[in-house]
Amino acid sequence: MWILCLAVDHITGTIAACKVGEWSSGAARVGIWSKLGSMLVVLVTAALDFVLGQAINSFHFLPFAYTMLLSPIVLAWYILTEIGSILENAARMGSRTPPFLDRWIAVLRRRVGKAGEVAVAALEEQEKKDE
């Protein structure tokens, strides 16, 4: 879904920029570099999930298994960001979007961000207890 959103955002951004006469190869390159950077971030979180899973799951006496934590949160945040950008592109192309939709996506994005912050706070709290 995320890769689809990346592609749709790039295509709609290009169309919107062409429509209003603002397309430039420099701006297109910046967008592509940004998307490549987000791919790198997702790969890093997937690697961290893998490493954490290997480390935690090696303790066979634990009553749980670690599958994923970081990747789903990061992917949800990126997907919501791309969807918001797609809606902005649609508006630049002349489409009317329901005002509540932008707010809804912004709220969801904030909630995903808070979920990530809660996970970090829990990890930091555990770290303090371990010291």
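Laboratory data are not the source of any read-out in this text; all were calculated from the coordinates shown. For clarity, every value in this text was computed on a predicted model and none was experimentally measured. Glycine gets a Cβ as well: all are built from the backbone with ideal geometry, and neighbour counts include every protein chain shown.
Centre-to-centre, using Cα atoms only, the range 89-109 and the range 29-54 are separated by 26 Å. Only lysine pairs 8 or more places apart or on separate chains count here, and in the chain those with Cα atoms under 30 Å apart total 4. Legend: calculated FRET efficiency, Leu123 to Ala90, from the Cβ-Cβ distance at R0 = 35 Å, rounded to 0.05, equals 0.40. Near Thr81, once Lys and Arg are set to +1 and Asp and Glu to -1 for all other residues with Cβ below 13 Å from its Cβ, the sum equals -1. Taking the empirical scaling 2.2 N^0.38 Å for compact globular proteins as reference, the chain has a Cα radius of gyration ratio of 1.35.
Charges were assigned to the Cβ only: +1 to each Lys and Arg, -1 to each Asp and Glu. The resulting dipole of the range 2-130 about its Cα centre is roughly 440 debye.
Here the extension length gained between Lys114 and Phe100 equals 3.0 nm, from 0.36 nm per residue of separation less the Cα-Cα distance.
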